[in-house]
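Quick notes on the structure that follows.
The values are calculated or read from the model by the stated rules, or taken from the named source; none is laboratory data. What you see is a predicted model; the values in this text were computed from it and never measured. Every residue, glycine among them, receives a Cβ derived from its backbone with ideal geometry; neighbour counts consider all protein chains shown.
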Amino acid sequence: MPEASCPSDVSRYEQACDQAIAMCDGNLRSTIKALIMANEYLENELNELQAAISCGCAPAGLSNSDAA
């Protein structure tokens with residue numbers, strides 16, 4: 001995983017971690033599980049979008065210039 005490029009990135013990531021942990025009532029295992037699930041969801045969305053674009057079925061609001 002690449003290192004954060006500047007102190008503001010580190011602070012932003014620290015805040016995001018604190019928020020994620022707080023949303024799971026401090027349970028680190030639940031936090032990790034939620035993040036894995038969110039990542040899988042986003043990977044699936046990305047795969048579906050790539051498949052749609054590859055067959056020429058770009059979603060509404062996404063022009064050819066945006067897909068490039």
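A few comments on the model shown:
- Applying the criterion of being surrounded by 12 or more Cβ atoms within 10 Å (Cβ to Cβ) and not in a helix (DSSP H, G or I) to the residues of segment 1-26, the residue that is modelled with the lowest pLDDT is A4.
- Scanning segment 27-56 for residues that are of a type outside the set (A, V, I, L, M), over 17 Å from the mean Cα position of the chain (by Cα), at pLDDT 95 or above and assigned to a helix (DSSP H, G or I) yields R29, S30.
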